[in-house]
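These notes concern the structure reproduced below.
The values are calculated or read from the model by the stated rules, or taken from the named source; none is laboratory data. Predicted model only: the values in this text are computed from it and were never measured. Methodologically, a virtual Cβ is constructed for each residue, glycine included, from the backbone with ideal geometry; neighbour enumeration extends over all protein chains shown. Accessible surface areas use protein heavy atoms only, side chains included; no ligands, DNA or RNA. Shrake-Rupley method; radii C 1.70, N 1.55, O 1.52, S 1.80 Å.
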Amino acid sequence: MTDIRRYTADFAGLEVPVIEVTGAAPGPRLSVIAGVHGCEYASMAGARRWANGLQGRALRGTVTVVPVVNVPAFRARSPFIVPEDGKNLNRCFPGSPGGTLAERLAFAVFSRVIAGSDALVDMHAGDLVEALEPFAMYDGGPAEADARGLATAYGLGYVLRQAPGPGQIVAGSTSAAAAAAGVPAIIAEAGGCGLVEEAAVTAHIRGLDGVLRYLGMSAGGPQVAAVPVYLDSFIWPRTPSAGWWEPAVRAGEAVRPGQVLGTVSTLDGGAVVETFTAPADGVVLFLTTSPAVAADGLLLGLAR
């Protein structure tokens, strides 16, 4: 019989909720986390609903679910960063026990949840000012064959591989740290703009069920997911000038080289100060929806 246990763990002095599910038969250890960014609500909603739905299901192995990792950002409604130190938690892994709060929280999550797992799923969505096309990302490394399998099994439309080593767009992430430790891991993205939309929540739940099947942890056995589009590079345009951002594309849109992606203009609308064009063909996986952008502000993510 599947056993479910709920408790609060001390992660870097924070009270963080944990759901531990133990199957009736031995099997892999799957770790699932959400809320690394405090306003990506669709992923947290999916983690909560899925974990509590495991009660009574036939299951092999153990599932550890942390549905809201970044509790301070969640409570403060703080997008992207840990409010106490202004750092992006998903650039701080594997963390440091003697660092700032974000670094200590990353260390606690890595050492107590990620390390020793047979697989990791880190669930995300577009934050308060991000529209997003659903995709899964994994990192190259010794465990990348299984990581690619997990990403495919999640069943989203796009799968992106990030090459290891210097120059990573998303350095210090959960999946990069896990990959370096030999743990197959993915970052799964569905939902956007800080909304809890049913289609995105359902996509996450379906994805986690696909991961269970891929790992042989569910009684249902393997199931073939739709074949995604595989991508292998990420371009993140930033604006050198602060101003009013007006995108000319949508999340999920395929673009061609030279196509206008958007403009940044003065706040009074009198002049366009920057025009951004696509450097290559690709698909827009996420897009900043807020007109307010600071100098060096991120505008969108273009994957090839």
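Mind listing just one residue for me: the one in segment 121-151 that is of a type in the set (Gly, Ala, Ser) and part of a strand (DSSP E or B) and, of those, most open to solvent (accessible area, probe 1.4 Å)? Spell out the reasoning first.
Residues of segment 121-151 that are of a type in the set (Gly, Ala, Ser), as a first pass: 125-126, 131, 136, 140-141, 143, 145, 147, 149, 151.
Filter again for part of a strand (DSSP E or B), leaving 131, 136.
On the way: Ala131: 24, Ala136: 0 Å².
Applying the filter and picking the extreme gives Ala131.
How many of the residues in segment 1-26 are surrounded by 15 or more Cβ atoms within 10 Å (Cβ to Cβ) and at positive phi?
Selection size over segment 1-26: 1.
Does at least one position in segment 209-224 carry a residue that is in contact with a Ser or Thr (Cβ under 9 Å, 6 or more places away or on another chain), in a loop (DSSP other than H, G, I, E, B) and surrounded by fewer than 20 Cβ atoms within 10 Å (Cβ to Cβ)?
Looking for residues that are in contact with a Ser or Thr (Cβ under 9 Å, 6 or more places away or on another chain), in a loop (DSSP other than H, G, I, E, B) and surrounded by fewer than 20 Cβ atoms within 10 Å (Cβ to Cβ), one finds none in segment 209-224, hence no.
On the given criteria, is Ser96 buried (at least 19 other Cβ atoms within 10 Å of the Cβ) and among the hydroxyl-bearing types (Ser, Thr, Tyr)?
For Ser96, the condition - buried (at least 19 other Cβ atoms within 10 Å of the Cβ) and among the hydroxyl-bearing types (Ser, Thr, Tyr) - is not met.
Would you check if Val113 is in contact (Cβ under 8 Å) with a residue 40 or more places away in the chain, assigned to a helix (DSSP H, G or I) and open to solvent by less than 40 Å² (accessible area, probe 1.4 Å)?
Yes, satisfied.
Any residue at all in segment 152-174 that's in contact with a helix residue (DSSP H, G or I) (Cβ under 6 Å, 6 or more places away or on another chain), of a type in the set (A, V, I, L, M, F, W, C) and part of a helix (DSSP H, G or I)?
Going residue by residue through segment 152-174, those that are in contact with a helix residue (DSSP H, G or I) (Cβ under 6 Å, 6 or more places away or on another chain) are 153-155, 159, 172-173.
Now restrict to residues that are of a type in the set (A, V, I, L, M, F, W, C): 153, 159.
Subset that is part of a helix (DSSP H, G or I): 153.
Yes; the residues of segment 152-174 include at least one that is in contact with a helix residue (DSSP H, G or I) (Cβ under 6 Å, 6 or more places away or on another chain), of a type in the set (A, V, I, L, M, F, W, C) and part of a helix (DSSP H, G or I).
For segment 258-279, check the following and say yes or no: at least one residue is closer than 20 Å to Val159 by Cα and either open to solvent by less than 50 Å² (accessible area, probe 1.4 Å) or of a type outside the set (Lys, Arg) (or both).
The answer is no, given that none of the residues of segment 258-279 is closer than 20 Å to Val159 by Cα and either open to solvent by less than 50 Å² (accessible area, probe 1.4 Å) or of a type outside the set (Lys, Arg) (or both).
Is it the case that some residue within segment 100-108 is part of a strand (DSSP E or B), surrounded by 19 or more Cβ atoms within 10 Å (Cβ to Cβ) and at pLDDT 95 or above?
Checking segment 100-108: not a single residue is part of a strand (DSSP E or B), surrounded by 19 or more Cβ atoms within 10 Å (Cβ to Cβ) and at pLDDT 95 or above.
So, Val36, is that one within 19 Å of Ala171 (Cβ to Cβ), touching a residue at least 60 places away in the same chain (Cβ under 8 Å), open to solvent by less than 40 Å² (accessible area, probe 1.4 Å) and not small (Gly, Ala, Ser) or not?
yes
Select from segment 251-282 the residues that are in contact (Cβ under 8 Å) with a residue 24 or more places away in the chain, of a type in the set (A, V, I, L, M, F, W, C) and in a loop (DSSP other than H, G, I, E, B) and list them in ascending order. So that I can check it myself, show each step before the final result.
Within segment 251-282, the subset in contact (Cβ under 8 Å) with a residue 24 or more places away in the chain is 251-257, 261-262, 264, 267, 269, 273-274, 276, 278-282.
If we keep only those that are of a type in the set (A, V, I, L, M, F, W, C) as well, we get 251, 254-255, 261, 264, 267, 273, 276, 278, 280.
Answer for segment 251-282, where residues must be in contact (Cβ under 8 Å) with a residue 24 or more places away in the chain, of a type in the set (A, V, I, L, M, F, W, C) and in a loop (DSSP other than H, G, I, E, B): Ala251, Leu267, Ala278, Ala280.
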